[in-house]
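Okay, structure first, notes after.
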């Protein structure tokens, strides 16, 4: 077996960490979470709780499974998150009257009032993106996400 050649520091044939798209997206996500942290800590929210509330601002009174799908999470991950939000007084859960197997979740008045706090506006400003650039960047990132999810579905079907 032939020994592999050791790569020397600065070797131009070796891709740097910063050249990997996955690392760029990962590190940008870490930076976003860091920017949101003090804002959300003040409200006693985690980032997953915050995005659940945003999804409920968009469509109140939805099933837990539907909410989980929107958040790209499993229902069993969303349930404890919602239990904590319910204990904080931001959401209410109830069995669906038409289908007892389904649990529906909706915002309380306190949950609706969070919208007025303009959470995240300062974070968008911190990106230094022009207002007209934000939708384009969001679209591009969402396109990457969707392409990867569709590719993974294709792989799962082939398996």
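The values are calculated or read from the model by the stated rules, or taken from the named source; none is laboratory data. Keep in mind it's a predicted model, so treat the numbers as computed, not measured. Cβ atoms come from the backbone with ideal geometry, glycine included; neighbour counts cover every protein chain shown.
Quick notes on this one:
- For the residues 116, 143, the requirement of being exposed (fewer than 10 other Cβ atoms within 10 Å of the Cβ) and either in a helix (DSSP H, G or I) or modelled with pLDDT of 90 or more (or both) singles out 116.
- Within segment 74-86, one or more residues are modelled with pLDDT of 95 or more, over 30 Å from residue 149 (Cα atoms) and surrounded by 15 or more Cβ atoms within 10 Å (Cβ to Cβ).
- Some residue of segment 87-104 being within 20 Å of the chain's Cα centre (by Cα), surrounded by 11 or more Cβ atoms within 10 Å (Cβ to Cβ) and at pLDDT 95 or above: yes
- Taking segment 123-135 as the range and being within 18 Å of the chain's Cα centre (by Cα) and part of a helix (DSSP H, G or I) as the test, the residues that pass are 123, 124, 134, 135.
- Among the residues of segment 24-38, not a single one is within 29 Å of residue 104 (Cβ to Cβ), in contact with a strand residue (DSSP E or B) (Cβ under 6 Å, 6 or more places away or on another chain) and surrounded by 10 or more Cβ atoms within 10 Å (Cβ to Cβ).
- Here the helices (runs of 4 or more DSSP H) wholly within segment 1-70 that include at least 3 residues being touching a residue at least 40 places away in the same chain (Cβ under 8 Å) and in contact with a helix residue (DSSP H, G or I) (Cβ under 9 Å, 6 or more places away or on another chain) are 21-43, 47-58.
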